[in-house]
Amino acid sequence: MSGDEPTAGGATGSVDYGDSARRPAEGGRLGWLFDPRLLLVAGGSVAVVALAGLVQVSFGTYSMTAAQAWRAVLDPAVLFDPRWLLNFLVGEELMRAITGFQGALPELTRETLVVWNIRLPRVLVGAIVGMNLAVSGAIFQAVTRNELASPFILGVSSGAGLMILLTLVVFGGLSAFLPLIAAVGGSVAFLLVYAIAWKNGTSPVRLVLAGVIVGTVFNSLQTGLFFFADDISVVQSAIQWTTGSLTGTDWEQVRMALPWTLVALVLSLAGARQLNLLLLGEQTAKALGMSIERVRFALSGVAVLAAAASIAVAGIVSFVGLIVPHVVRTLVGSDYKRVIVGCLFVGPALLVGADVGARLGMGVITGADAQVPVGIVTGLVGGPYFLYLMRRQQNVGDL
Amino acid sequence: MSIERVNATDRDESGGSNDIAGARGSDDAATDASDLDGQSLVLGYPSAPEPVIDGESIAAEPGAVTALVGPNGSGKSTLLKGLANQIAPDDGSVLLDGRDVHSMDTKALARKLGLLSQESTSPDSITVEELVYHGRYPHRGFFERTTEADARAVERAIDLAGCGHLRDREVGSLSGGQKQLAWIALVLAQDTDVLLLDEPTTFLDLHHQMEVMEIIETLRSDSEVTVVVVLHDLEQAARIADRVVALNDGEIRARGPPEEVVTEDLLSEVFRVDAHVVDTDRGPRVTPLRARHGE
């Protein structure tokens, strides 16, 4: 054994197995990350996010040039001041608790304040939501072995939507807890779907069918509730939640979603190997010793957590979770480790990009100072792109 | 059931579970090979009211090749799935070296027992090598990366399955026969003591059928792996197996060495064909003459 050689098994992947054993499938623990296609996807996506983010922070009621905006984003007064950074990331109270700093924070320029206080958090929330939805969709597509699966296939969106409507229309007093209620509604609907699908275990088809059943009933109830809304503003608010919107998102939303996002993303990366095995079919996975029901439920739970985190801050943004995994698979292949990592980049690129259209598009087209929910833009962009993928490839998803 | 008398050696069919391992093969049975023993198995599917297999016992001779044969729908795949713990038996038990497979940890079982299913699906874009590495799943902990032992097992499996020239090809670009070799390499990489193969040669061209047969023959001559294989082709079964078990209607109708099981009587009773069976030095040669109509 080469265990006594200090270099063996290192992360470089340069272990020599002789000529009969060439290399392990992964060159070292992180060797698979340095796949040129994956790097290209990540780089391209970061560029899109940066560009869209720059547009987002430059334009608005208080317009500035790109250079001004860039300077404001990279303002050393914030970037190199942990107090300001913590103030944004964890909130003022916690910042004071952590740093023990009691005085007034140093003054910032007007540009920096506008960018950091108002515009940047929206970009960040967009990126977080994009990541969550993309990863959630990727997981659900593997778990259900269905190329048309999205984060919302197992009843999550209908459960969340119903709870949103109930809260807005019936229990108006609870609207402060709307994000939480929506996320909980989605999770409960998912559990309900699982319970319906369960009969000596589940199967992908049973799960999808149960999702359709629960979705149909909940959507009807949701639509029915619209009739009881006596105020147009309630209806608008409801539509904003059920189509997904980043309007008015703030650091508050970043703080709310970030911890759950981190948990969900770490778990989904850890589960990538299980997802890969699920792609070989239930029988093979079982024959290789996977406790398939447990793994399937756990992975679905991770996906629901990611979806719920995004629902809590942005409502039900459609299409992102459906198309991003497809795009990523087309670009980096079907290995789920790469797919998940790719989703972490492409998801934000799509959502932050689409949010530019949602926030500024109406102003450009009609001159009116109005925003549309970002979910409308992702649908408008996503649909045709999906069509393009479908025309170009024989096997769209290669699942 | 007149068919019970088909088997000339008149083995005890009614309940003897160890007859295969016990009687004839004991002289060459390797002691370190694993022993798979299905006892009074009742196997069925939740959707069907009647069990497919109703109280049959089957024991795989350690280190040897046991072939399950029978007409379509005779329950041979069901029996194999039952042995592999893919279907939980309604009654009876499967013992692997004396331990009930149903109570074993799934990964621990997968380290001892491998199953090649009839239908295997995989993403088109993964390479043969990546596919074969999945066979190491039961040997790896949740966060463990592949080790040198994994790499060696994969190399050996790819070598044994003869698909070294395919290792970097994408699975989606392979022919049916090449795919089957890749999947066989996957179960070989699992490095199990018992290997269950469900119709590994069906739908393959002659060349790939022979490739698969040769892999099984290699395993047989090593006598370290206990193999149970479902085969459609009687001649193939006779040629490759140490023991043949013939099923019909979910019942075991005959079992024993190929030359005793593959007979004209069995063909007419179980497979419902008139045939000539000639003993050759490569085992019995079967020439089917005509299908038998009516009962």
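Every number here is computed from the coordinates shown, using simple stated rules; none is lab data. This structure is a prediction, so every number in the text was calculated from the model and none was measured. Neighbour counts run over all protein chains shown; Cβ positions are idealised from the backbone, glycine included.
Tabulated data for the structure shown
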| read-out | value |
| --- | --- |
| Kirkwood-Stokes translational diffusion coefficient of the range A:330-397, alpha-carbon pairs, 37 °C, 0.692 mPa s, µm²/s | 240 |
| Modelled FRET efficiency - R0 22 Å, A:ALA368 with A:GLN236, Cβ distances, 0.05 increments | 0.90 |
| Gaussian network model of chain A, Cα within-10 Å springs - most flexible of A:LEU225, A:LEU38, A:LEU288 | A:LEU288 |
| Rounded if a/c under 1.5, otherwise prolate or oblate - chain A, Cα gyration tensor axes | oblate |
| Net charge dipole size for the protein assembly as shown [Lys, Arg +1 and Asp, Glu -1 on Cβ; Debye, nearest 20] | 3380 |
| FRET efficiency estimate (nearest 0.05) - Cβ-Cβ, A:LEU33 to A:LEU79, R0 30 angstrom | 0.65 |
| Span-rule helices in chain A, defined as complete DSSP H runs reaching 24 Å or more along the axis (Cα) with Kyte mean at least 0.0 | A:36-58, A:120-143, A:178-197, A:204-226, A:251-270, A:292-314, A:336-366, A:374-392 |
| Positive-end residue, chain A charge dipole about Cα centroid, Cβ charges, pick of A:GLY382, A:PHE171, A:ASN87 | A:GLY382 |
| Rule-of-thumb Rg ratio for the range A:120-190 [Cα; 2.2 N^0.38 Å; N residues] | 1.26 |
| Relative packing of peptides B:71-79, A:307-315 - highest average C-beta neighbours within 10 Å first | A:307-315, B:71-79 |
| Cα centroid separation - the range A:200-227 against the range B:49-89, whole Å | 39 |
| Extension reserve of the A:ARG294-A:MET390 stretch, reckoned as 0.36 nm per residue once the Cα distance is removed | 31.2 nm |
| Stokes-Einstein D for the range B:111-268, Kirkwood Rh over Cα pairs, 25 °C, 0.890 mPa s (µm²/s) | 148 |
| For chain A, built as a Gaussian network whose Cα springs stay under 10 Å, the top-fluctuating residue of A:GLY215, A:GLY172, A:GLY159 | A:GLY172 |
| Cα-derived Rg to Rh of the protein assembly as shown, Kirkwood definition | 1.08 |
| Cα coordinate range in the range A:44-110, projected on the principal axes (Å, largest first) | 39, 26, 20 |
| Listed peptides A:140-147, B:259-266 by packing density, highest first (mean Cβ within 10 Å) | A:140-147, B:259-266 |
| Descending semi-axes in whole angstrom, ellipsoid equivalent of chain B, from the Cα gyration tensor | 31, 22, 18 |
| Convex hull projection area averaged over all views, the range A:253-399, Cα basis, nm² | 9.9 |
| Peptide B:106-115, shielding by other chains (average Cβ, 10 Å cutoff) | 3 |
| Reachable aspartates and glutamates, given that their alpha-carbon falls under 13 Å from the alpha-carbon of A:LYS286 and they are not under 8 places away in the same chain | B:ASP105 |
| DSSP-defined antiparallel bridges as percent of all bridges, the protein assembly as shown, nearest 5 | 60 |
| Shielding of B:128-138 by partner chains, average beta-carbon count, 10 Å | 4 |
| Hull-based mean projected area of the range B:62-149, where the convex hull spans the alpha carbons, in square nanometres | 8.4 |
| Nearby aspartates and glutamates by direct alpha-carbon distance to B:LYS76 (threshold 14 angstrom, same-chain neighbours under 8 apart not counted) | B:ASP54, B:GLU56, B:ASP198, B:GLU199, B:ASP233, B:ASP249, B:GLU251 |
| Chain A, relative contact order [Cα under 8 Å, separation at least 6], % | 24 |
| Spin-label model distance (nm) - B:MET210 vs A:LEU51, 7 Å beyond Cα toward Cβ | 5.9 |
| Chain B - mean residue ellipticity at 222 nm from DSSP helices (-39,500 (n - 2.57) per run, n ≥ 4, rounded to 500) | -8000 deg cm²/dmol |
